Amino acid sequence: MTQKTAQVDLKKLKPYGDIMGDGTLQVCFTIPVEPSPEAREAAIQFCEKMGLDHIKVATMEKAADGFSLFVIYGNLKHTVDFTKIHVVKVDAEKRSREEIDELIKTKIGRKLVVIGACTGYDAHTVGIDAIMNMKGFAGDYGLERYQWIDARNLGAQVLNDELLKRALAEQADAVLVSKVVTQHNIHMRDMKDLMNRARQMGLLEKMVFVAGGPRVTHPLALECGFDAGFGVGTKPSDVASYIVEEFLRRQSQGVSKEQREEAPQRAKSKVRPTRTKSRIAKSGKRQAKSKR
Ligand code: B12
């Protein structure tokens, strides 16, 4: 694999199957007709329209009455210029639980209070539990396991107002919000509402706001006014790494509220900048919080 990597044309990147540049990929889909030679031909035509050639139908099976499932291999004609890709992403060095605990202990000297909930009428607790509860997710311990994080998981169906009042009362350093249900964009409405309330309560300066869920992305979270967003496959240590780094960033550099509020607009712009430095870190001075 190492030798093949050396031959990669990053300006004309293609999926890899067997030979560099072959563009081989697998697609799987269902069409709402019974399996038949006509259904197979329809599936091939879909693949041609997707830009595949050398199409091989590996599987055509009845998925249910009136439905056929296909697994198809083909070679993609299209290429992507990898050198021109710019992604707005969470900017934090990935650290282990032990490293994060050590960082908080030595650089902050007190436990970070992290409060989290699945908000609104969303009853999906599994995502926020995966991040916060002791046992964690995919072999990565949850925030409750961190010695220097005081993790408080409020569970599901917590209203925005309630979450923010608790965060204020408990002097939270970070607020974690889980949104799973996205029907009619309810997740975005709820997320924006929470951040508007947080702004009105003067909490933007005081707390790091993080959103997560299967349909949440970092740019979407920025658009809704959050500091960061995490999606599918997130591990607790990803979140802890970000929170501690962001906290330290604010402590050392500070940032003005105005600059911070203007930042989400940038995520909407057509040319999305690569965030080699944090959006927040680049902003001006912010007073480090001193409490407890
Ligand atoms: C389990 C489940 C339920 C359970 C929830 C039980 C519980 N205690 O959580 C029950 C049965 C209650 C349920 C109910 C409903 N559900 Co449901 N449910 C699911 C299911 C099968 C699994 C979700 C899950 O647990 N995933 C596992 C976790 C670990 O993954 P995750 O949430 O993505 O979390 C990870 C990341 O996203 C991220 N993350 C998540 N939150 C956060 C937060 C922060 C701060 C961070 C940093 C990261 C982070 O980290 C996690 C770990 O990597 C999904 C389908 C699916 N396969 O995904 C449907 C699904 C989510 N449900 C769905 C729906 C529609 C409903 C109902 C509306 C159905 C109905 N008509 O009644 C109700 C809604 C009830 C309500 N008021 O919310 C839809 C949502 C569609 C949409 N996009 O809006 C899905 C996708 C099913 C589908 N395909 O239609 N559901």
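Overview of values
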read-out	value
Search result, residues across the range 120-142 that are at positive phi and either surrounded by 13 or more Cβ atoms within 10 Å (Cβ to Cβ) or within 6 Å of the ligand (Cβ to nearest atom) (or both)	Gly120, Gly136
Long-range neighbours under 6 Å by Cβ, at least six apart or interchain, first residue hydroxyl-bearing (Ser, Thr, Tyr) within the range 175-187, second surrounded by 24 or more Cβ atoms within 10 Å (Cβ to Cβ) and part of a strand (DSSP E or B)	Ser178/Cys118; Ser178/Gly212
Subset of the range 43-83 [polar (S, T, N, Q), closer than 19 Å to Pro32 by Cβ and crowded, with 16+ Cβ neighbours inside 10 Å]	Ser68
Residue in the range 120-148 that is nearest to Arg189 (Cα to Cα), counting only those that are over 17 Å from the mean Cα position of the chain (by Cα) and among the charged types (D, E, K, R)	Asp122
Near pairs, Cβ below 9 angstrom, 6+ apart or cross-chain, from the range 148-170 (within 17 Å of Cys224 (Cβ to Cβ)) to any residue that is among the acidic types (Asp, Glu)	Asn160/Asp190; Asn160/Asp193
Flag if Lys107 is closer than 30 Å to Ile44 by Cβ, surrounded by fewer than 17 Cβ atoms within 10 Å (Cβ to Cβ), more than 16 Å from the ligand (Cβ to nearest atom) and of a type in the set (Lys, Arg)	no
Some residue of the range 201-216 being more than 17 Å from Gly142 (Cα to Cα), within 13 Å of the ligand (Cβ to nearest atom) and assigned to a helix (DSSP H, G or I)	no
Breaking point among (1) at positive phi; (2) modelled with pLDDT of 95 or more; (3) not polar (S, T, N, Q), for Ala169	(1)
Scope the range 217-235; condition assigned to a loop (DSSP other than H, G, I, E, B), within 10 Å of the ligand (Cβ to nearest atom) and not polar (S, T, N, Q); matching residues	Phe226, Gly231, Val232, Gly233, Lys235
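Each row is one residue, and each column tells you yes or no for (1) under 28 Å from Leu103 (Cα atoms); (2) in the same structural domain as Gly109 (by TED's automatic domain parsing); (3) of a type in the set (Ser, Thr, Tyr).
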position: Phe137; (1), (2), (3): yes, yes, no
position: Tyr141; (1), (2), (3): yes, yes, yes
position: Asn153; (1), (2), (3): yes, yes, no
position: Gln157; (1), (2), (3): no, yes, no
position: Val181; (1), (2), (3): no, yes, no
position: Ala198; (1), (2), (3): yes, yes, no
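Rundown of residues vs (1) touching a Cys at 6+ places or on another chain (Cβ under 6 Å); (2) part of a loop (DSSP other than H, G, I, E, B); (3) assigned by TED's automatic domain parsing to the domain that holds Cys47, yes/no style:
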position	(1), (2), (3)
Asn75	no, no, yes
His78	no, yes, yes
Val87	no, yes, no
Asp91	no, yes, no
Leu103	no, no, no
Lys107	no, no, no
Arg110	no, yes, no
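The values are calculated or read from the model by the stated rules, or taken from the named source; none is laboratory data. The model shown is predicted, which means the values in this text are computed figures rather than measured ones. A quick note on method: Cβ atoms are made from the backbone with ideal geometry, for glycine too, and the neighbour counts reach across all protein chains shown.
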